[in-house]
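Okay, so here's the structure we're looking at.
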Amino acid sequence: MNHIILGFFITFLSSFQAFANENSFIIQGYKLVPDMDYQLELVLQNPIPDQKLLLDCQSFVNGLVKLEYIDSIWENVGFFMLAGNDCDEAARFGLKAQEESLPYCLKLNFEKFNLELSYDLTKCESPE
């Protein structure tokens, strides 16, 4: 049992590494994920080749999932867990932004383990 917990913990920590250099994204909209009621594929302003971001509010553990196309399949290469109602709030924010055709900034806050959402796109700029 301890090996399972340790394995989960190591996997959980290593999944943050995939987001280490990418902590903010400008989102243009979303696409519905087939056969999933509460998952949204986020459409990035600057798409990353062979990568996707999913807002997953359907799985047992909610969060932002980073997928990469490897060997002809989409593989989970990163996960940012969301607490409480953060996933639902992020989905509602994204749906409203899409209805109004507004891009928005999605920023990962590693200290608070939540998403910061804003129509102020300067919040997504890297500090110089």
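The values are calculated or read from the model by the stated rules, or taken from the named source; none is laboratory data. Predicted, not measured: the structure shown is a model, and the values here were computed from it. Virtual Cβ from ideal backbone geometry, glycine too; neighbours counted across all protein chains shown.
For every residue, the table says whether it meets (1) farther than 21 Å from Pro34 by Cβ; (2) of a type in the set (Gly, Ala, Ser); (3) buried (at least 18 other Cβ atoms within 10 Å of the Cβ).
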site	(1), (2), (3)
Leu54	no, no, yes
Cys57	no, no, yes
Leu64	no, no, yes
Ser72	no, yes, no
Pro103	yes, no, no
Asn114	yes, no, yes
Thr122	yes, no, no
Of the residues in region 1-35, how many are outside any loop (DSSP other than H, G, I, E, B) and modelled with pLDDT of 50 or more?
10
In region 27-42, the residues that are among the β-branched types (Val, Ile, Thr) and crowded, with 18+ Cβ neighbours inside 10 Å:
Ile27
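Residue by residue, here is whether (1) over 13 Å from Leu42 (Cβ atoms); (2) polar (S, T, N, Q); (3) touching an Asp or Glu at 6+ places or on another chain (Cβ under 6 Å) holds:
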{"position": "Val65", "(1), (2), (3)": "no, no, yes"}
{"position": "Asp71", "(1), (2), (3)": "yes, no, no"}
{"position": "Asn76", "(1), (2), (3)": "yes, yes, no"}
{"position": "Asn85", "(1), (2), (3)": "yes, yes, no"}
{"position": "Asp88", "(1), (2), (3)": "yes, no, no"}
{"position": "Gly94", "(1), (2), (3)": "no, no, no"}
{"position": "Leu102", "(1), (2), (3)": "yes, no, no"}
{"position": "Cys105", "(1), (2), (3)": "no, no, no"}
Going through region 91-121 one residue at a time, which ones are touching a Ser or Thr at 6+ places or on another chain (Cβ under 8 Å) and more than 17 Å from Val65 (Cβ to Cβ)?
Tyr104, Cys105
